[in-house]
Amino acid sequence: MSFQFPSIGFVAKTAVIATALILSACSPGGGGASGGAPGSALENATDFPVGSKDAKVVMIEYASVTCPHCANFHTQVLPTIKEKYISTGKVRYVFREFPTEPVQLATAGHLLARCAGGEKRDQIIDALMRGQRELFAQAQGPTGAEQALLNIAVSAGMDKAKFDACMANQDILKDLVDIREGGVKAGVQGTPTIFINGEKFEGPTTREMTVDDVTKALDAALAKAK
């Protein structure tokens, strides 16, 4: 079976949507299908939330595994947020997929993570975020993106047959399209975009987001939620 990027009219959808956006940060370009019952009104059935259902604050991040700004947030900011707020039960966290250029590569990475599910989903997202440069380089090489993604799939316990089946999974792909369109409706114009208890967090526009930026916003939300 030859490798083909996932497609159910995804690129056509994103191309139309992108023309209406004022883009910032990373720009949008062209397991199971869901995470289960939502833990709060802010969550969707397709979410895979992390943290206590009793948390008074829900942080939702729209991000792309091909966005350098998202990779910076993932490696430089999120670990501290997880340790200080999510692991302690103060904040519940949701990662929502919002593919950016190259859209097909981002979509394939997100699809792969959802096929793996559970902790392996987080493992694959982490590998893609940390290995962006290598992924882009391999995608331009003789083996293309297939081998790069397959290597990550194998590291998560997925063989070639399961990988091929994943890339053809139309149900999960539809979920990804719906999640992205939901983000656009919510006002996502670039990635990463964060919502804290339903309110869009207006981060810095001239530099990368820092731990201090996010902790101040979360502390304010926690104080308000008391």
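The values are calculated or read from the model by the stated rules, or taken from the named source; none is laboratory data. Given the structure is predicted, the values throughout are model-derived calculations rather than measurements. Cβ: placed from backbone, ideal geometry, glycine included. Neighbour counts: every protein chain shown. Only protein heavy atoms, including side chains, enter the accessible area calculation; ligands, DNA and RNA are left aside. Shrake-Rupley method; radii C 1.70, N 1.55, O 1.52, S 1.80 Å.
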Output the relative contact order of the stretch 71-226, whole-number percent, from Cα pairs under 8 angstrom with separation of 6+ residues. 31 percent
Calculated from backbone phi, Karplus (6.51, -1.76, 1.60) coupling profile of the stretch 93-107 in Hz, x at Gly/Pro: 10, 10, 9, 10, 6, 9, x, 10, 4, x, 4, 5, 5, 4, 5
Rounded to whole Å, give me the distance from the Cα center of the stretch 115-145 to that of the stretch 179-219. 24 Å
Take the cross-link list Lys56/Lys174; Lys160/Lys185; Lys53/Lys82; Lys84/Lys120; Lys90/Lys174 and give me the ones stretching past 26 Å between alpha-carbons. Lys56/Lys174; Lys160/Lys185; Lys90/Lys174
Could you tell me which of rounded, prolate or oblate describes the stretch 116-170, using a ≥ b ≥ c as the square roots of the eigenvalues of the alpha-carbon gyration tensor, with rounded for a/c under 1.5 and, failing that, prolate when a/b is larger than b/c and oblate otherwise? oblate
Ignoring everything but the protein chains, give the 1.4 Å probe accessible area of Thr193 in square angstrom, nearest 10. 10 Å²
Heavy atoms only, probe 1.4 Å: what % of the accessible area of the stretch 167-226 goes to carbon and sulfur, would you let me know? 50 percent
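Using alpha carbons only, what's the Rg to Rh ratio of the stretch 45-109 with Rh from Kirkwood?
A ratio of 1.02.
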Mind computing the radius of gyration and Dmax over the alpha-carbon atoms of the stretch 131-210? Å is fine for both. 17.0, 45
Equivalent ellipsoid, the stretch 92-226 (semi-axes from 5 times Cα gyration tensor eigenvalues, Å): 30, 17, 15
Other-chain or far-sequence residues with amide H under 5 Å of Gly190's (modelled H): Ser24
Spin-label model distance (nm) - Lys53 vs Ala165, 7 Å beyond Cα toward Cβ: 3.0 nm
